[in-house]
Amino acid sequence: MKVYKIYPKGFACNSYAVTEDGKNCILVDCGQERVLGECRRLGLNPVAVLLTHGHYDHIGGCGELFGAGAEIFCGKGEDALIFSDANRAIFHGITIPRFEIARTLNDGEKLSLVGLDIEVVATPGHTAGGVSYIIGDALFTGDTLFFESVGRTDLETGSAVQLINSVKKLYSLGGDYKVYCGHGEDTSLGYEREFNPYVRM
């Protein structure tokens, strides 16, 4: 398994292209339209986008991916936020790209896409329908868990109590995982269990 980190240019999230065969990939979040071009530059065909949550900086490129034939998934209930006026208002009325959600995902659900086994972990708090994904030894946490930090909870559907519980839920996962965050640098679950100043074990 290979993970390619696609850094944003300007305001957006880290997007991740994950591939098993070096030809087809899934994306975890798609913050900008340029992500599709970056996948093609890497020789990858994006088959699906797994959204950690619905804020614009994580979905800004989904219209391009949807137009190219990729299926788009999100956590159960998050689709209501994605296309809501409240979500647009967070980003000062910005236009939400046109795409459809193929299916919403439940906590503990397992998917198999392009040779990758994926487990869904519900991690509400930053948004009510936020999820993280386990793929191999990698954990994609969106805006739930960052390097020595956690996500904000003051936006629509956010909850500080839920976020703390979600971070503790991630900490309780067996073993260690490399953590790929929605913003900033990568970390590991073992490091965050020990050193994250916001939520401790």
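What the table below lists for this structure:
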{"item": "Low-density loop positions, trypsin sites (Lys or Arg not before Pro), the stretch 168-201 - DSSP coil, at most 16 other Cβ in 10 Å", "result": "Arg200"}
{"item": "Protein accessible area in the chain, 1.4 Å probe - carbon and sulfur %", "result": "48"}
{"item": "Three-way shape label, the chain, alpha-carbon gyration tensor, a/c 1.5", "result": "oblate"}
{"item": "For the stretch 51-149, projected area of the alpha-carbon convex hull averaged over all directions, nm²", "result": "6.7"}
{"item": "Pairwise centroid distance, computed over Cα atoms, of the stretch 162-186 with the stretch 39-116, Å", "result": "20"}
{"item": "The stretch 151-201: GluC sites (Glu not before Pro) in DSSP loop, at most 12 other beta carbons within 10 Å", "result": "Glu185"}
{"item": "Dipole in debye (nearest 20) - the chain, about Cα centre, beta carbon charges: Lys, Arg +1; Asp, Glu -1", "result": "180"}
{"item": "DSSP-defined beta bridges in the chain - what % are antiparallel, rounded to 5", "result": "60"}
{"item": "Per residue value of the accessible surface for the stretch 57-194 (all protein chains in place, 1.4 Å probe), Å²", "result": "43"}
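The values are calculated or read from the model by the stated rules, or taken from the named source; none is laboratory data. The structure displayed is predicted, hence computed values, not measured ones. Glycine also receives a Cβ, built like all others from the backbone with ideal geometry; neighbour counts cover every protein chain displayed. Each accessible area value is taken on the protein alone, full model and side chains, heavy atoms only, with ligands, DNA and RNA left out. Shrake-Rupley method; radii C 1.70, N 1.55, O 1.52, S 1.80 Å.
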